[in-house]
Amino acid sequence: MKLLNTVDKLLGTYRETLKEQTKNPEHIIFEGVKGFDVYNVTAPFIINNTKYIAGRVEKRDSEHSKVYFFKNNMNVWTVDDEAPVFELQDPFVTFVEDELVFGGVEIFESKEEPGIFKWRTVFYKGETLQSLERIFEGPMGMKDLRLKELHDGRILVMTRPQGNPGGRGTIGAVVVASLNDLSVEVINSASLFDDMYPEDEWGGANEVHLLDNKTVGVLGHIAKFDKSGDRHYYSMAFTLDIETMTPSELKIIAERNDFLEGPTKRLDLQDVIFSGGLVRSGNEATLYSGISDARAQKVTILDPFR
């Protein structure tokens with residue numbers, strides 16, 4: 001696969017070809033967490049006949065976050081007081097064998113190095129929110145692990161190592177026979193898409209959609225720093241051939257100014273959207289996103305996988 005375009009070139013293509021199709025931005029309204037921000041949400045999902053969104057909840061001046069589950073009520077999302085609360089960041093959900101698989105990023109202080117914090121992606125599984133039990137802990141330092149059950153029951157695992165290998169964050173993929181076959185070793189053996197973007201830019205997978213027997217659609221983000229050190233995150237998508245582990249060229253599908261104005265956690269995070277999930281319908285899709293690390297919004301876009 002040839003080297004794909006830089007963020008700036010991808011952004012130029014988006015503004016020329018897709019941006020006019022992006023419409024109807026809306027704030028997502030949450031209740032039950034007064035004084036806290038809710039951002040980096042999942043798309044809505046249904047479990048036990050109830051529609052939920054999971055969202056990252058924290059104070060504006062803190063990185064200590066919790067994940068709450070919110071129930072839908074007349075376009076307002078209210079905390080479910082009977083659901084568990086997890087000390088995690090950036091939640092995600094999928095279903096495997098009709099059970100909910102939920103996860104997020106766990107931040108904790110190192111026992112060996114007090115004052116030093118580490119992180120990893122963790123997974124829970126259960127038939128209900130109340131029965132969620134931890135089933136797996138990913139490699140230290142790896143965010144953006146995602147799972148998707150394939151047509152034949154196998155599990156696609158999207159990875160994102162950093163450092164060596166991985167640079168600032170490189171997407172990879174591997175297929176396992178079942179959830180029982182998840183291991184740190186398997187994740188570290190994933191095929192990496194090293195030429196997806198330049199070394200000084202990075203990306204990650206946020207959600208995976210099954211398209212046919214051999215292809216999935218990946219919703220993710222791509223990002224860069226500017227000369228001042230400010231972060232710029234964009235929503236992107238690509239498809240992946242499971243048989244050959246070959247990704248298509250990625251494309252940007254939304255940027256920050258497609259959404260409504262709102263607060264930011266810090267000035268260097270103003271131009272940040274974090275892809276949470278897609279609800280696909282016909283030729284369009286609703287994109288749920290975290291906005292500037294302070295709010296959550298949704299916007300209508302062309303379905304990137306049509």
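The values are calculated or read from the model by the stated rules, or taken from the named source; none is laboratory data. Note that the coordinates shown come from a computational prediction; the quantities given were computed from them, not determined experimentally. When we count neighbours, we look across all protein chains shown, and the Cβ atoms used for this are built from the backbone with ideal geometry, even at glycine. The protein model used for the area step is the full one, side chains on, heavy atoms only, and it has no ligands, DNA or RNA in it. Shrake-Rupley method; radii C 1.70, N 1.55, O 1.52, S 1.80 Å.
Determine, from the Cβ-Cβ distance of H151 and N283 and an R0 of 25 Å, the FRET efficiency 1/(1 + (r/R0)^6), rounded to the nearest 0.05.
Approximately 0.60, to the nearest 0.05.
What number do you get for region 1-159 when its Cα radius of gyration is normalised by 2.2 N^0.38 Å, N = residues?
1.20
Might you tell me the accessible area per residue for the chain, computed with a 1.4 Å probe and given in Å²?
For the chain, the per-residue accessible area is 47 Å².
Stretch F95-T215 to full length: gain in nm at 0.36 nm per residue minus the Cα-Cα span?
41.4 nm
Taking the convex hull of the Cα atoms, report for region 242-294 its projected area averaged over all directions, in nm².
Computing the convex hull of the Cα atoms and averaging its projections yields 5.4 nm².
Which of the peptides 209-220, 239-250, 84-95 is most tightly packed, and how do the rest follow, judged by the mean count of other Cβ atoms within 10 Å per residue?
84-95, 209-220, 239-250
What are the semi-axes of the equivalent ellipsoid of region 81-239, taken as the square roots of 5 times the eigenvalues of the Cα gyration tensor, listed largest first and rounded to whole Å?
Computed over region 81-239, the values are 25, 21, 15 Å.
I'd like to compare 19-25, 111-117: which one has the highest average count of other Cβ atoms within 10 Å, and what's the full order after that?
19-25, 111-117
Please give, to one decimal in nm, the separation of the simple spin-label points placed at E243 and R168, each 7 Å out from Cα toward the Cβ.
3.6 nm
As a test of the definition: which semi-axes, in Å, follow for region 147-291 when you take the square root of five times each eigenvalue of its alpha carbon gyration tensor? Largest first, please.
Values for region 147-291, descending: 27, 19, 13 Å.
Go ahead and estimate [θ] at 222 nm for the chain from helices alone: -39,500 (n - 2.57) per DSSP H run with n ≥ 4, summed, over the residue count, rounded to 500.
Using -39500 (n - 2.57) per qualifying helix, the result is -1500 deg cm²/dmol.
Springs between alpha-carbon atoms under 10 Å, Gaussian network over the chain: tell me which of S281, S191, S65 tops the mean-square fluctuations.
Of S281, S191, S65, the most mobile in the Gaussian network model is S281.
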